[in-house]
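The structure under discussion appears below in the form of structure tokens.
The values are calculated or read from the model by the stated rules, or taken from the named source; none is laboratory data. In this text the structure is predicted, and so the values were computed from the model without any measurement. Backbone-built Cβ (ideal geometry, glycine too); neighbour counts: all protein chains shown.
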Amino acid sequence: MGVKSDKWIKKMAKEFGMITPFEEKQVRDGIISYGVSSYGYDIRVSDEFMVFTNINSTIVDPKNFDERNVVKIKGDCIIPPNSFALCRSVEYFKMPRDVLAICVGKSTYARCGIIVNVTPIEPEWEGHITIEISNTTPLPAKIYANEGIAQLIFLGADEMCEVSYKDKKGKYHGQKGITLPKVEKGEK
């Protein structure tokens, strides 16, 4: 298994629609950068956010998520101290069967106490990436819509996987927008 280069990313985006919309070079003039980097792709955060709140005194339950736990925001987002938000990537992804992507936060936000969490992007998964952004500071934190938020690193396998995300009909396959947690019937 090896890390995929900028040339590979450009080829897969153009020929196979792996990333849409796609920016083939770093865009960085006065903004938090996004686009192709040496060995990855810097994704943007959209202008749709769900910020967690305790106003309704509900419980965060991944098996029975109550939407009263979040406040929807459009545009740039202020995350309260020691809180977090869910958002989505601007880009829509179609992963190849022999590639896995790992997501890490951008250093500009990390230096402000902002942590980005995304689970691995599995082979043949497709959709907008739902992103969790945690504000670990005792101060409100600003997140800029339509600018860079994290970097995907693509890892290519030596052979095709036996069962892809699409094969197992994963519950988050084809997601559009911010997708809240869910448990399918029969899932343990």
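So that you can scan it fast, the table gives a plain yes or no per residue for (1) touching a helix residue (DSSP H, G or I) at 6+ places or on another chain (Cβ under 9 Å); (2) under 30 Å from I9 (Cα atoms):
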{"position": "T20", "(1), (2)": "yes, yes"}
{"position": "Y34", "(1), (2)": "no, yes"}
{"position": "I59", "(1), (2)": "yes, no"}
{"position": "E67", "(1), (2)": "no, no"}
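Could you give me the residue pairs with C-beta distances under 9 Å whose first residue belongs to segment 1-16 and is touching a residue at least 12 places away in the same chain (Cβ under 8 Å), whose second residue is in a helix (DSSP H, G or I) wherever it lies, and which are 6+ apart or on separate chains?
Close Cβ pairs (under 9 Å, with a partner that is in a helix (DSSP H, G or I)) amount to K4/M12.
Go through (1) of a type outside the set (S, T, Y); (2) buried (at least 17 other Cβ atoms within 10 Å of the Cβ); (3) closer than 23 Å to Y109 by Cα; (4) modelled with pLDDT of 95 or more for M18 and report which single condition fails.
Result: M18 passes all but (3).
One residue is enough: does segment 154-175 have a residue meeting the conditions within 29 Å of V27 (Cα to Cα) and touching a Cys at 6+ places or on another chain (Cβ under 8 Å)?
no
Residue check, G105 against (1) surrounded by 14 or more Cβ atoms within 10 Å (Cβ to Cβ); (2) under 24 Å from Q151 (Cβ atoms); (3) over 18 Å from the mean Cα position of the chain (by Cα), all met but one. Which one?
Evaluating G105 over (1) surrounded by 14 or more Cβ atoms within 10 Å (Cβ to Cβ); (2) under 24 Å from Q151 (Cβ atoms); (3) over 18 Å from the mean Cα position of the chain (by Cα) leaves (3) as the failure.
Where the second residue is in a strand (DSSP E or B) and the first is farther than 20 Å from R44 by Cβ and lies in segment 116-138, which pairs have Cβ atoms under 7 Å and are six or more apart or on separate chains?
Note: pairs meeting the criteria are E122/L100; P123/V99; P123/L100; T136/I115.
Just to check your reading of the model, which residue among D61, D47, D98 is closer than 29 Å to S164 by Cβ and acidic (D, E)?
Within the list D61, D47, D98, the selection yields D98.
Taking the conditions exactly as written (in contact (Cβ under 8 Å) with a residue 60 or more places away in the chain, hydrophobic (A, V, I, L, M, F, W, C) and on the phi < 0 side of the Ramachandran plot), does A101 satisfy them or not?
Answer is no for this residue.
Taking the criterion of being crowded, with 19+ Cβ neighbours inside 10 Å, of a type in the set (G, A, S) and farther than 19 Å from A145 by Cβ, would at least one residue in segment 47-57 satisfy it?
No.
Given the conditions (1) touching a Ser or Thr at 6+ places or on another chain (Cβ under 9 Å); (2) farther than 28 Å from T53 by Cα; (3) among the β-branched types (V, I, T), and given that I102 satisfies all but one, which numbered condition is not satisfied?
Result: I102 passes all but (1).
Note down all Cβ pairs under 6 Å where the first residue falls in segment 165-185 and is over 21 Å from F84 (Cα atoms), the second is among the hydrophobic types (A, V, I, L, M, F, W, C), and they're at least six residues apart or on different chains.
Once the first residue is over 21 Å from F84 (Cα atoms) and sits in segment 165-185, its partners that are among the hydrophobic types (A, V, I, L, M, F, W, C) give Y165/W125.
Output yes when any residue across segment 42-53 is farther than 24 Å from T108 by Cα and not acidic (D, E), and no when none is.
Yes - at least one qualifying residue is present in segment 42-53.
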